[in-house]
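Novice: Have a look at this one before I ask anything.
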Amino acid sequence: DAACKNRPLDLVFIVDSSRSVRPEEFEKVKIFLSEMIDTLDVGERTTRVAVMNYASTVKVEFPLRTYFDRASMKEAVSRIEPLSAGTMTGLAIQTAVDEVFTEEMGTRPATFNIPRVVIVVTDGRPQDQVQDVAASARRAGIEIYAVGVDRADMQSLRVMASEPLDEHVFYVETYGVIEKLTSKFRETFCAVNVCALGTHGCEQVCVSSGASYLCECYEGYTLNPDKTTCSAVNMCAPGRHECDQICVRNNGSYVCDCYEGYTLNPDKKTCSAMDMCASGRHDCAQVCLSNDGSYSCDCYEGYTLNPDKKTCSAADVCVPGRHECEQLCVRDDLSYTCHCHHGYSLNPDRKTCSRAITSSLVTTEELCKCEAIVALQDSVTSRLEALSTK
């Protein structure tokens, strides 16, 4: 029954192993202890258990601080051996008060309000004064349950137990049926878990609080004013996340991301600039220039970047201002050569030009023809001048 869960206790079993308890009967007592442990919500923060064994002497088999899981406790119980002499019940209760219910031995501070409980299991009459010791223990805040078996003295049980007696004194005829008390103690220690009953109205988390309950929300959600429903909080609001660059909300939580050109580090929070010019990461035709997590494209010498900012075209190196030729520039693949106009020759600097010097050989016949032509021109000129004076 998940709705019934024992409240936290500091619980000490005090078991009689005097001569009157036969070995096979003591084994029944150990079975009873193991079954009781199985019904308890055992743990460091829930119910802590100690076991004491007594006869004419007292032995603390293990204190409250030793085991916090059922398997270890039950293993320790299986190793307990009877002491086989006397029935010093008062001494056993006093030892519990003095040596077991101490913070050094695992008892939680009184401010924690954890009930301190003793269950005494005996089949005889105490051989010491138990009444005063039990009364002193009860005044110290210890609740005592008395379990009598077979020949147990009922008056002694009633003297040591807490009030009301009909809820703290139990009796069974033999050790063979002592396990019947397990369910009785389970009911006694049971605290109803309201959240397990399914009648609460919590949207996400129900937390038992005594006989009532409170609603809570999963991480990343906040309780609405109606105290039952939940709303997702903005985990990416300033101051709520640890992302270096970008926070992305994710179902009541968040994940970190990075700006373009950055990559998320293994800590899943910070970012590092990545090499955008690595092979396969850019679309530049010729030259990629890395720029703080981004990149830009450029071209080789002799090319110019096209308007798409990615591809390149061969540049006209012979446009004015791009070459050093004095007269003529002639493109040659991605370079150029200089040339000169007719009548000029290229100087050794391969850039400037000088006027060409030409020479020819003139024959005597050609010279005479020239002279005759000149003489004719002079004669015609003279005659024209003479005519003009008339």
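Novice: Want the number for Asp378 to Leu328: 0.36 nm per residue separation, take away the alpha-carbon distance, what's left?
Specialist: Full extension of this stretch gives 13.6 nm more.
Novice: Hey, can you list the DSSP H helices of the chain whose Cα span along the axis is 24 Å or longer and whose average Kyte-Doolittle score is at least 0.5?
Specialist: The qualifying helices: there are none.
Novice: For Ser56 and Glu163, FRET efficiency with R0 = 25 Å and r from the beta-carbon atoms, rounded to 0.05?
Specialist: Efficiency, rounded to the nearest 0.05: 0.25.
Novice: Oh, and also: So for the range 84-226, considering every pair of alpha-carbon atoms, how many percent are separated by more than 21 Å?
Specialist: Working: 5838 of 10153 pairs.
Taking all Cα-Cα pairs of the range 84-226, the fraction more than 21 Å apart is 58 percent.
Novice: Using a Förster distance of 41 angstrom, determine the FRET efficiency expected from the C-beta separation of Asp153 and Asp38, and round it to 0.05.
Specialist: Computed FRET efficiency for Asp153 and Asp38: 0.85.
Novice: Enumerate the amide H contacts of Phe101 below 5 Å, restricted to partners 5 or more residues apart or on another chain; note that Pro and chain-start residues carry no placed amide H.
Specialist: Answer set, sorted by chain and number: none.
Novice: Evaluated at 37 °C with a viscosity of 0.692 mPa s, what Stokes-Einstein diffusion coefficient in µm²/s does the chain have when Rh comes from the Kirkwood expression over alpha-carbon pairs?
Specialist: Result for D is 104 µm²/s.
Novice: Explain nothing, just compute: Karplus ³J(HN,Hα) = 6.51 cos²θ - 1.76 cosθ + 1.60, θ = phi - 60°, for every residue of the range 252-268 in order, whole Hz, x for Gly and Pro.
Specialist: Coupling constants for the range 252-268: x, 10, 7, 10, 9, 9, 10, 5, 4, x, 10, 10, 6, 6, x, 6, 6 Hz.
Novice: Also, quick follow-up: Asp308: net charge of surrounding residues, Cβ under 15 Å, Lys/Arg +1, Asp/Glu -1, itself excluded?
Specialist: Net charge in that neighbourhood comes out at 0.
Novice: Follow-up question, since we're still on this one. Could you give me the ³J(HN,Hα) list for the range 79-96, computed from phi with Karplus coefficients 6.51, -1.76, 1.60 and θ = phi - 60°, whole Hz, x at Gly and Pro?
Specialist: Computed from phi, the couplings for the range 79-96 are 8, 5, 10, x, 8, 6, 6, x, 9, 9, 5, x, 4, 5, 5, 4, 5, 4 Hz.
Novice: Hey, could you grab the Kirkwood Rh for the range 274-315? Inverse mean 1/r over distinct alpha carbon pairs, Å, one decimal.
Specialist: Averaging 1/r across every pair of different Cα atoms and inverting gives 10.4 Å.
Novice: May I pose another question? Work out how much length Ser183 to Thr311 would gain on full extension: take 0.36 nm times their residue separation and subtract the Cα-Cα distance, in nm to one decimal. Kindly include the intermediate steps, with their values, before the conclusion.
Specialist: Numbers: separation 128, 0.36 × 128 = 46.08 nm, distance 8.59 nm.
Full-extension gain reported as 37.5 nm.
Novice: Output wanted: per-residue J couplings in Hz (rounded whole) for the range 350-357, from phi through Karplus 6.51 cos²θ - 1.76 cosθ + 1.60, θ = phi - 60°, x for Gly and Pro.
Specialist: These are the phi-based 3J(HN,Hα) values: 6, 10, 8, 10, 10, 5, 7, 9 Hz.
Novice: Local charge sum around Ala161 (other residues, Cβ-Cβ under 13 Å, Lys/Arg +1, Asp/Glu -1)?
Specialist: With Lys, Arg at +1 and Asp, Glu at -1, the net is -3.
Novice: Rolling a 1.4 Å sphere over the protein heavy atoms, what is the accessible area per residue of the chain, to the nearest Å²?
Specialist: About 59 Å² of surface per residue is accessible.
Novice: Hey, rough spin-label estimate for Tyr344 and Glu27, points 7 angstrom out along Cα→Cβ, what's it come to in nanometres?
Specialist: In this crude label model, Tyr344 to Glu27 measures out at 12.8 nm.
Novice: DSSP loop GluC sites (Glu not before Pro) in the range 1-53 with at most 14 other Cβ atoms within 10 Å of their Cβ, which ones? Could the numbers behind the result be given before it?
Specialist: Values: sites: Glu24, Glu25, Glu27, Glu35, Glu44; in loops: Glu44.
Loop-located and lightly packed - Glu44.
Novice: Among the GluC sites (Glu not before Pro) within the range 261-360, which fall in a DSSP loop and have no more than 14 other Cβ atoms within 10 Å of their own Cβ?
Specialist: In loop regions of the range 261-360 (DSSP not H, G, I, E or B), the sparsely surrounded GluC sites (Glu not before Pro) are Glu301, Glu324.
Novice: Then there's this: Could you work out the equivalent-ellipsoid semi-axes for the range 4-191, taking the square root of 5 times each eigenvalue of the Cα gyration tensor, largest first, in whole Å?
Specialist: 22, 18, 17
Novice: While we're here: Identify the trypsin sites (Lys or Arg not before Pro) of the range 206-265 meeting these criteria: DSSP loop state and at most 16 other C-beta atoms within 10 Å of the C-beta.
Specialist: Sparse-neighbourhood loop trypsin sites (Lys or Arg not before Pro): Lys227, Arg240.
Novice: Subtract the Cα-Cα distance of Asp98 and Thr174 from 0.36 nm times their separation in residues, and report this length gain in nm to one decimal.
Specialist: 24.2 nm
Novice: Pop out the carbon and sulfur fraction of the accessible area of the range 4-191 as a percent, whole number, probe 1.4 Å.
Specialist: 47
Novice: Next question. For Arg125, enumerate residues with amide H under 5 Å from its amide H, sequence gap 5+ or separate chain, H modeled in the peptide plane.
Specialist: Asp153
The values are calculated or read from the model by the stated rules, or taken from the named source; none is laboratory data. Quick caveat: nothing in here was measured; it's all calculated off a predicted structure. Reconstructed Cβ throughout: ideal geometry from the backbone, glycine too, with neighbour counts over all protein chains shown. Quick note on the areas: whole protein, heavy atoms, side chains included, nothing else; ligands and nucleic acids left out. Shrake-Rupley method; radii C 1.70, N 1.55, O 1.52, S 1.80 Å.
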